[in-house]
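Take a look at the structure set out below.
The values are calculated or read from the model by the stated rules, or taken from the named source; none is laboratory data. Predicted, not measured: the structure shown is a model, and the values here were computed from it. Here the Cβ positions follow ideal geometry from the backbone for every residue, glycine too, while neighbour counts run over all protein chains shown. SASA here: full protein model, heavy atoms, side chains in, ligands and nucleic acids out. Shrake-Rupley method; radii C 1.70, N 1.55, O 1.52, S 1.80 Å.
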Amino acid sequence: MSKTKAIVVLVLIGVIMVTLGLFMFPLNGQDSFQIGNSDYDFYWISKAIRLGLDLKGGMYAEYSARLQNGGEVTSSDIDGAIANLEELLYSKGYSESDVTKLGENQIRVEVPDIEDTAELMKLLGQSATLEFKDESGNVLIRGSEHLKDAYVAVSEGAYVIKLEFNELGKKAFAKATEENLNKTISIYIDDKLVISPKVNAVITDGNCVIEGNYTYDQANEYAIRIRAGISTVRLTLLRSETISPTLGSEALTKAIIAAAIGVAVIVIFLVLVYKGLGLAASIALLAYVELLVLFLAVVPWVQLTLTGIAGVILSIGMAVDANVIIFEQIKEDKLLGNKLLNSSIYSGFKKSLVTILDSNITTILGAIVMLAVGSTAIKSFALTLFIGIVLSLFSSLILTRLLVSSFLAFDDENEKFYGLKVKEA
């Protein structure tokens, strides 16, 4: 590499690192800042990382679902219950809540940023109330008393919402459509408007189709919400735990401090032991940390937890381990082969490649398996580990080598600077 090219490479790496560093942490004390006079905000990179329940604080609860009549719940029953809980939590201001299905008949609810959960725990056990009302607000149809099912169907090439009424509902809906012909009948869940279709005909067979130029996702969302109102699913609390936001904040702060101390100790070790090679590895390591934080912020599946932080720290260790393997191989080639400085360095990188790839690919495969079959906590660890290992390969095999090559462009004879000067016995 020529000196001119080396200068360009070093300046480019420096500019990118400084730019990422400036946008990494909030300089204005806020989570974001407005971009010029636009309506858009830029979130500082570190503030864009989604935090898990154990870091942000809040509560989680696990429920078993059963039907009121004692029968077995179906997948559609669980979907309806989940839709009900999501709508309920959103209406109460918990927009970042997460409701997921566990196994065949269990539901897990995670709600961040709350401390007093007693009232919320009561709300989560309630079922939705579905009502069809006329334009005057009179109730015409009530939940499972009249409605049997709601699902997506196709009519004349378009997606529609199809409603099926039981015998009692068939008569009630026939009367309702007759009295409200060419008017709207609004569907409410827990007194909140869901949809207001217009009655175009008197329906006497108990089968209703709601049209509206819907996509499948739109029609399915409405159908799930309506089914939530006719579901007879009852939730029984199995376990719950409250995590203080203060505890989560302290855990995150301590984890960040520990990681910063660890990186600082590693940088000092690399520079003292490997001199110029260690300096290149240290710069690459700092760039790696910045890239890792960036990826944790932009990858949509990442929700950082304490186990996720463990994956981050482990991947940092793997990045350092790769550099140590390379540098020790360079030392060995220089000592035993009595090669020129350039030759020893390039030979060291080449011979270390297989060893580094073997160890890291094995770890990557393990992370993929954990992502596929692991629990929520294990998946958080596996995802951050996977991202970290991929970036560590880039850092050690490409970025470190690029920096060392740039250093060699200025001086390829000073063995002392690179920590490769060997005294003769």
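When you count, for each residue, the other Cβ atoms within 10 Å and take the mean per peptide, how do 78-87, 162-171 rank with the highest first? The partial results should precede the final answer.
Details: 78-87: 21.6, 162-171: 17.8.
Descending mean neighbour count gives 78-87, 162-171.
Once the whole set of protein chains is in place, how much accessible area is left on Asp41, using a 1.4 Å probe, in Å² to the nearest 10?
Approximately 80 Å² for this residue.
Roughly how many percent of the accessible protein surface of the chain is carbon and sulfur, given a 1.4 Å probe and a whole-percent answer?
On the way: 12940 of 22790 Å².
Ligands and nucleic acids excluded, carbon and sulfur reach 57 percent.
Quickly estimate the mean residue ellipticity at 222 nm for the chain, helices only: each DSSP H run with n ≥ 4 gives -39500 (n - 2.57), and the total goes over all residues, rounded to 500. Show your work: numbers first, answer last.
Details: 12 runs with 229 residues, N = 425.
It comes out at -18500 deg cm²/dmol, rounded to the nearest 500.
In nanometres, what is the gap between the two model label sites at Val139 and Ala409, each 7 Å from Cα along Cα-to-Cβ?
In this crude spin-label approximation the distance works out to 7.8 nm.
With the other protein chains left in place, how much accessible area per residue, in square angstrom, belongs to the stretch 1-85 at a 1.4 angstrom probe? Write down the numbers at each step before the final one.
Details: 4980 Å² over 85 residues.
It amounts to 59 Å² per residue over the stretch 1-85.
In Å and from the alpha-carbon atoms only, list the Rg and Dmax of the chain.
Cα radius of gyration and Dmax of the chain are 30.5, 107 Å respectively.
Probe of 1.4 angstrom, ligands and nucleic acids ignored: what's the accessible area per residue over the stretch 320-415, in square angstrom?
Details: 4560 Å² over 96 residues.
Using a 1.4 Å probe on heavy atoms only, each residue of the stretch 320-415 averages 47 Å².
In nm, to one decimal, how far is the modelled label at Leu272 from the one at Ile256, with both set 7 Å along Cα→Cβ?
Computed distance between label sites Leu272 and Ile256 equals 2.8 nm.
Please state the charge dipole magnitude for the chain, taken about the Cα centre, from unit charges on C-beta atoms (+1 on K and R, -1 on D and E), reported in debye and rounded to the nearest 20.
Details: 36 positive and 47 negative charges, 299 e Å.
Approximately 1440 debye in magnitude.
How do the peptides 300-310, 200-210 rank, highest first, by the average count of neighbouring beta carbon atoms within 10 Å per residue? Intermediate results must be reported in sequence, preceding the final value.
Values: 300-310: 18.8, 200-210: 14.9.
Those peptides, ordered most packed to least, come out 300-310, 200-210.
At a probe size of 1.4 Å, how large is the accessible area of Thr242, to the nearest 10 Å²?
80
What number, in percent, do you get for the relative contact order of the stretch 292-425 if the mean sequence gap of Cα pairs under 8 Å and at least 6 apart is divided by its residue count? Can you show the working numbers first?
Details: 118 pairs, mean separation 48.9, N = 134.
Computed value for the stretch 292-425: 37 percent relative contact order.
Please list Tyr346, Tyr60, Tyr40 in order of solvent-accessible area, largest first, computed with a 1.4 Å probe with all protein chains present.
If we order Tyr346, Tyr60, Tyr40 from most to least accessible, we get Tyr40, Tyr346, Tyr60.
So what is the relative contact order for the chain, in percent, with contacts set as C-alpha pairs under 8 Å and at least six apart? Before the final figure, lay out each step's value.
Values: 668 pairs, mean separation 81.8, N = 425.
Result for the chain is 19 percent.
From the protein chains alone at 1.4 Å, what is the descending order of accessible area for Glu62, Glu72, largest first?
Numbers: Glu62 25, Glu72 165 Å².
Output order, biggest surface exposure first: Glu72, Glu62.
Please compute the length gained on full extension between Ile368 and Arg239, using 0.36 nm multiplied by the number of residues separating them and subtracting their Cα-Cα distance.
Details: separation 129, 0.36 × 129 = 46.44 nm, distance 2.94 nm.
Between Ile368 and Arg239, full extension yields 43.5 nm more.
Once you have a ≥ b ≥ c as the square roots of the Cα gyration tensor eigenvalues for the stretch 301-425, tell me rounded if a/c is under 1.5, and otherwise prolate or oblate according to whether a/b is larger than b/c.
prolate
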